[in-house]
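Taken together, the values in this text are just the output of simple stated rules run on the coordinates, not laboratory data. Values in this document were obtained by computation on a predicted structure and should not be read as measured data. Don't worry about glycine lacking a Cβ; one is built from the backbone with ideal geometry, like all the others, and counts go over all protein chains shown.
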Amino acid sequence: MEFLVATAIGALTAVGIYLTLRQRTFPVVIGISLLTYAVNVFLFTSGRLLPDAPAVLRDGVDVYADPLPQALVLTAIVISFAMTAVVVIMSLGSFLSNGEDRVDAAADTPPPVRKPSEERS
Amino acid sequence: MSHWIIAPVLLPAMLAAILILTARHDMLLQRVLSLAGTLALLVVAVGLFWQAADDTITVYLLGGWQAPFGIVMVADRLATLMVLITAILAPLVLLYAVGTGWDARGRHFHPLYQFQLMGIMGAFLTGDAFNLFVFFEVLLIASYGLIAHAGGKERLRASTQYVMYNLLGSTLFLFALGTLYATTGTLNLADLAVRVAALDPADSAGIRVAAVLLLMVFAVKAALLPLHFWLPGSYAAAPGPVAALFAVMTKVGAYCIIRFYTLVFPPDLSLTQGLFDTWLMPAALLTLAMGMIGVLGSQRIDRLVAFSVIGSMGMLLSAVAVFTPQGIAAALYYAIHSTFAAAALFLLVDVLRDRRGTVGAWLQDAMPVAGGAVVAGIFFAAAIAMTGLPPLSGFIGKLLILDAARDSALVWWVWGTVLTGSLIAVVGFGRAGSQVFWRAHQVAGDVDLQPQGQVRDRRTAPTALPLWVVGSLLALLVALTVLAGPVNRLLAATAAQLFAPQAYVAAVLTLPGKDFEGEVVPTTDNVVPDAAPPAGANQRLGADDEEE
């Protein structure tokens, strides 16, 4: 099971990093979401993988799964979900007002230089 | 247990909710409430600072749960100092935003501003690593809204980049926290300090990865080379008052580096040897050089100031990387100075952008700005402060850093980079100033033209309030210069407290709180690593053994 989970995290991270290095906004957003999935699973495993173990204290149970990473993952999921929504809206706004969705679009150019002589006229 | 520590977090949070729920349509009410809130915050911050000034470390257990199971807030000298800096900056910048009408150009400026303050205050006061992440997110989410405030093509594009970069930073932070938790089984800073120190050096791969990942996360926040790319574009595109408030955000990164690497990974810890002298110091020096060269190379005055912020962060972190009490004290002095200097410059750039007509922030020929002499004088003083020329506090800060670096192995590199970098920055600021203020008179020539700013300025003549705000920021720098002696003694005491983390650890772990059964138990044996670990940790350590 360790191998399976570790491979899943690794694959998600690799694909996420590849996508965030793309030039257009949409793949980058997908890449960021994949990275957050990877980190959520990673956080979950940071409390060790214990199958069939309850996370809540109960009578007659000796082996518990660590409950803290589950709380951490919940927080991380909520935050990353909201942040994905924010980044989608912002990139949509940027795309609609700029007419292109390249992440590295050129900055605006300076206004044409006016010669001092023209100004004096 | 005093409840005042939670006030800097609660006050802006409640105020933001009240603003958005009840005062959404009444700009005047929003302004009054928001200003009153930041002033109240200042009073609370002064109180906390006063409380911590006699070396007491005040701990607040949220919900009364015993540390390390509950979340703690800790107010020591460093945290209260940073809270005080933010609380001084906040009303001034807010006053500027109100005075120039920036707050009315988009929606929800005041609630976002308050949430931003809540995040920054929380990040300074928290004693828990995961809670630090959450407060980072709060301040980032608010900053996403603020940076895109008032919209516009260029601003939206820059803020999209900013959001994406910081989302990646947050993901990295979570990876770091996961590694940290997997290795030590705790995320309470004081508890981490105890457990990291007790780790077996032979089995330390995880903790070393966590230490480097955390350093990278904070380097993103502090705009340290090569993770600085987000700063120039987004700070330049942000509305002036927002950029001025963000001057304290890079300091959050610096604060976290100082906090983590004095408390959790102290300099004498063998596990993380070489992290500072091998990695942090060269990165800081490269940041300094890059920032100052950027100042010289910028074509826009707002990018120029943004690059000077990067340069000042490099300067600050090169003092941190020495990792002696003297170095930390110098870095803190420079942090106070550069926060106010950068804020003053960003506000001034906003004034210039507004008054230079179509040319805006571009360093090109334009007609003289309205109120030229006063604006030019303020720019001159702010540039002197930022580049670290005498007589203002930048010079004293730089002297302290140079002095602190004398013990470092890289002393000549530090001296060379700091001094050459300052020279380049002086040339860069000189070029910008002469282009904006002197060249303008050449352009105008003898023709008696209306200065462009007055033609374009929104319906009214330029008001004096923005310049008063910038002036009072400069007055703070003058005060910092005049009071350099007492401030320095204070910062030396702060650094001394940081280098004796036992007091911090003891204060957090011995405060009695509720345990699992909800009973108040005064435990003192948590401090000793060999004493029986709490039940949750037992379980986790047991899981460790099974794997091996």
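How do A:Val88, B:Val418 rank when sorted from fewest to most other Cβ atoms within 10 Å of their own Cβ? Walk me through the intermediate numbers first.
Numbers: A:Val88 14, B:Val418 24.
If I rank by nearby Cβ atoms, fewest first, I get A:Val88, B:Val418.
Along the Cα-to-C-beta direction of B:Asp403, a point sits 7 Å from the Cα; which residues of the stretch B:287-330 have their amide N less than 12 Å from that point?
Correct set: B:326-327, B:329-330.
Using the Kirkwood radius built from alpha carbon pairs, what does the Stokes-Einstein equation give as D for the protein assembly as shown at 10 °C and 1.306 mPa s, in µm² per second?
The diffusion coefficient I find is 61 µm²/s.
Just want the ordering: A:Ile17, B:Ile257, from fewest to most Cβ atoms lying within 10 Å of their own Cβ.
On the way: A:Ile17 14, B:Ile257 25.
Ranked by crowding around the Cβ, least crowded first: A:Ile17, B:Ile257.
One quarter of the convex hull surface, Cα atoms only: what value does that give for the stretch B:274-499 in nm²?
If you wrap the Cα atoms of the stretch B:274-499 in a convex hull and average its projections, you get 12.5 nm².
Along the Cα→Cβ direction, 7 angstrom out, place labels at B:Phe380 and B:Ala506. What is the inter-label distance in nm?
5.5
What's the FRET efficiency of B:Asp515 with A:Val78 using the Cβ-Cβ distance as r and R₀ = 25 Å, to the nearest 0.05?
0.35
Count the net charge of all other residues whose Cβ sits under 14 Å from the Cβ of B:Gly294, scoring Lys and Arg as +1 and Asp and Glu as -1.
Working: positive: B:Arg300, B:Arg303, B:Arg431; negative: B:Asp302.
Neighbourhood net charge equals +2.
Quick check: from the Cα gyration tensor, does chain B come out rounded (a/c under 1.5), prolate or oblate?
Working: a/c = 2.07, a/b = 1.59, b/c = 1.31.
It is prolate, given that a/c is not under 1.5 and a/b is the larger ratio.
Looking at the stretch B:185-264, which chymotrypsin sites (Phe, Trp or Tyr not before Pro) are DSSP coil and have at most 14 other C-beta atoms within 10 Å of their C-beta?
B:Phe229
Could you pull out the trypsin sites (Lys or Arg not before Pro) across the stretch B:153-251 that fall in loop regions by DSSP (anything but H, G, I, E, B) with no more than 14 other Cβ atoms inside 10 Å?
none
May I ask you to derive the FRET efficiency for B:His3 and B:Gln442 from their Cβ-Cβ distance with R0 = 51 Å, giving the value to the nearest 0.05?
So, using R0 = 51 Å, E works out to roughly 0.25.
What is the extension gain from A:Ala55 to A:Arg102, computed as 0.36 nm multiplied by their sequence separation minus the C-alpha to C-alpha distance, in nm to one decimal?
On the way: separation 47, 0.36 × 47 = 16.92 nm, distance 4.52 nm.
Extra length available between A:Ala55 and A:Arg102 comes to 12.4 nm.
For the stretch B:77-195, what class follows from the C-alpha gyration tensor (a ≥ b ≥ c being the square roots of its eigenvalues): rounded when a/c is under 1.5, otherwise prolate if a/b is larger than b/c, else oblate?
In terms of gyration-tensor shape, oblate.
According to a simple spin-label model (label point 7 Å from Cα along Cα-to-Cβ), what is the distance in nm between B:Thr420 and B:Ala104?
Modelled inter-label distance: 5.1 nm.
Tell me the mean residue ellipticity at 222 nm calculated for the protein assembly as shown from its helices only (DSSP H runs of n ≥ 4, each -39500 (n - 2.57), averaged over every residue, nearest 500).
-22500 deg cm²/dmol
Dipole magnitude of the stretch B:274-499 about its Cα centre, charges +1 at Lys/Arg Cβ and -1 at Asp/Glu Cβ only, in debye to the nearest 20?
Dipole size: approximately 260 debye.
What does the charge add up to near A:Leu96, with Lys and Arg as +1, Asp and Glu as -1, over the other residues with Cβ less than 13 Å from its Cβ?
Once all neighbours under 13 Å are counted, the net charge is 0.
Let's test the formula: R0 of 51 Å, r as the Cβ-Cβ distance of B:Gln273 and B:Ala464. What FRET efficiency results, to the nearest 0.05?
Step by step, r from the Cβ atoms, then E = 0.40.
Rounded, prolate or oblate, given the Cα gyration tensor of the stretch B:1-89, with a/c below 1.5 counting as rounded?
Oblate.
Treating only the Cβ atoms of Lys and Arg (+1) and Asp and Glu (-1) as charged, compute the dipole magnitude of the protein assembly as shown about its Cα centre; round to the nearest 20 debye.
Values: 36 positive and 43 negative charges, 628 e Å.
Charge dipole of the protein assembly as shown: 3020 debye, to the nearest 20.
Roughly what % of DSSP beta bridges within the protein assembly as shown run antiparallel, to the nearest 5?
90
In a shell of Cβ-Cβ distance under 15 Å around B:Phe246, excluding B:Phe246 itself, what net charge do Lys and Arg (+1) and Asp and Glu (-1) give?
Value of the local net charge: +2.
What size of dipole, in debye to the nearest 20, comes out for chain B about its Cα centre when the only charges are +1 on Lys and Arg C-beta atoms and -1 on Asp and Glu C-beta atoms?
The calculation lands at about 2520 debye.
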